[in-house]
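The values are calculated or read from the model by the stated rules, or taken from the named source; none is laboratory data. Bear in mind that the values here come from a model prediction, so they are computed numbers and not experimental data. With ideal geometry, Cβ positions are generated from the backbone for all residues, glycine too; neighbour counts draw on all protein chains shown.
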Amino acid sequence: MWFFTSPQIVFGEGALSYLAQIRGTRALIITDAQMVRLGFVDLVKEQLAQANIEARVFDEVEPEPTLDTVRRGAARAREYAPDWIIGLGGGSPMDAAKAIWALYERPDLEPDAINPIEYLGLGKRARLIEISTTSGTGAEVTWATVLSDPVENRKLGLGSRETLATIAIVDPVFAMKMPPRLTADTGLDALTHAIEGYTSNWHNDFSDGMCLKAVDLIFKFLPRAYADGNDAEAREKMHNAAAIAGLGFINSLAALAHAMGHAFGGAFHVPHGRAVSLFLPYTMEFAANGGNYRYADIARFIGLDGLGEAQLTRALIAAVRDLENGLQSNTNIASLGIAREDFARAIPKMLDHAENDTSITANSRVPERAELEKIFWYAYEGKHVDF
């Protein structure tokens, strides 16, 4: 038995105007200071005003939101008593909104206790709307929640199906102002979601089609969105692709690139999309060397050439590397300026955190600790995985 979960998704040009049709009295917008400066918060408040909904703002969410930030946001929610929580931004504000909603409904709950097994009983005080402003995380349609623990210097992969948004708004108007580096990082994050969602041990008939479609859209439109931020078609297609990839992987599971990316990003404070996508081709090679030829399905779907499963798999891995190079993304850890001795010191804790990440269990080939360490070093040096 398995599940396919999805919020109501409102997408396309003008999707934000749907807020004028919702019913309620008070909304708390969870966001960051940049969304305020860009005027995005005002756009949301204008639509809520048409629905006669009062709105207040909690704009203290930082990149990779911490447990304490979530606790502060929940305290603000309890003071205000909204019937809508609205996450506005990239993955960080949207993930924070999920956790804040959970703690608002359950004041006895600690944020790191949000899990898919325990019944939380959410929805008695408020409902959740997620509005994506970047084209990558897919957090608007997922129940995954990534928070940071600065004391332990690690990222926590949390989540409960109950924290899935009631409504997800995917309006490309927000993506038009994304700079090239953010476009690349978030787009490659979506690609990692889609490829891992299709090739993980937990892939299924319901998620497969979404993952394949997302990969196809990303290869076609991410280079265009990166080259010309005003390419309206590319922006809309990438915004859709990120949500589609989110639906794909959350209904299967992410895999080894996410486990390693979470551990590495927590240790060296590298943006999530850049971290997980950096590891993607290395983990693809590791899985393919163990016999995972579902990569060949993806290669065929996007029109790559090759004779047989092995050639098609290598063609896809090469295409991923070519895409990353074309987007001027980091393809090895040394290129980030991280000293070898600093990386070596961080290895033991990164191994611990990667091994404890739920994503590693869904990889088609689960590495032993020595193999995992070897992949970390291959990614540092930019070597092809040959084991």
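Considering (1) surrounded by fewer than 21 Cβ atoms within 10 Å (Cβ to Cβ); (2) in contact (Cβ under 8 Å) with a residue 24 or more places away in the chain, the lone condition that PRO367 does not fulfil carries the number (1).
Of the helices (runs of 4 or more DSSP H) lying entirely inside region 221-321, not one carries at least 3 residues that are assigned by TED's automatic domain parsing to the domain that holds GLY159, out of contact with any Phe, Trp or Tyr (no Cβ under 6 Å at 6 or more places or on another chain) and at pLDDT 95 or above.
Tell me whether region 178-200 contains one or more residues that are buried (at least 22 other Cβ atoms within 10 Å of the Cβ) and at pLDDT below 95. Among the residues of region 178-200, at least one is buried (at least 22 other Cβ atoms within 10 Å of the Cβ) and at pLDDT below 95, which makes the answer yes.
Rundown of residues vs (1) buried (at least 24 other Cβ atoms within 10 Å of the Cβ); (2) touching a residue at least 12 places away in the same chain (Cβ under 8 Å), yes/no style:
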{"site": "TRP101", "(1), (2)": "yes, yes"}
{"site": "ASP108", "(1), (2)": "no, no"}
{"site": "ASN115", "(1), (2)": "no, yes"}
{"site": "LEU120", "(1), (2)": "no, yes"}
{"site": "LYS124", "(1), (2)": "no, yes"}
{"site": "ARG127", "(1), (2)": "no, yes"}
{"site": "GLY136", "(1), (2)": "yes, yes"}
{"site": "GLU140", "(1), (2)": "yes, yes"}
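Right, ASP83: among the charged types (D, E, K, R) and surrounded by fewer than 22 Cβ atoms within 10 Å (Cβ to Cβ) or not? For ASP83, the condition - among the charged types (D, E, K, R) and surrounded by fewer than 22 Cβ atoms within 10 Å (Cβ to Cβ) - is met.
The residues of region 1-25 that are in contact with a helix residue (DSSP H, G or I) (Cβ under 7 Å, 6 or more places away or on another chain), polar (S, T, N, Q) and outside any helix (DSSP H, G or I), listed by number, are THR5, SER6. Screening the candidates GLY303, GLY261 for the property of being out of contact with any helix residue (DSSP H, G or I) (no Cβ under 7 Å at 6 or more places or on another chain) and of a type outside the set (S, T, N, Q) yields one hit, GLY303.
Annotation: of all residues in region 317-341 being free of Cβ contacts under 8 Å to residues at least 40 places away in the same chain and among the aliphatic types (A, V, I, L, M), the one that is surrounded by the most Cβ atoms within 10 Å (Cβ to Cβ) is ILE317.
Test PHE343 against the stated conditions and say whether it is hydrophobic (A, V, I, L, M, F, W, C) and in a loop (DSSP other than H, G, I, E, B). The answer is no for PHE343. In the set ALA75, ALA96, only one residue is surrounded by 23 or more Cβ atoms within 10 Å (Cβ to Cβ), in a helix (DSSP H, G or I) and among the hydrophobic types (A, V, I, L, M, F, W, C); that residue is ALA96.
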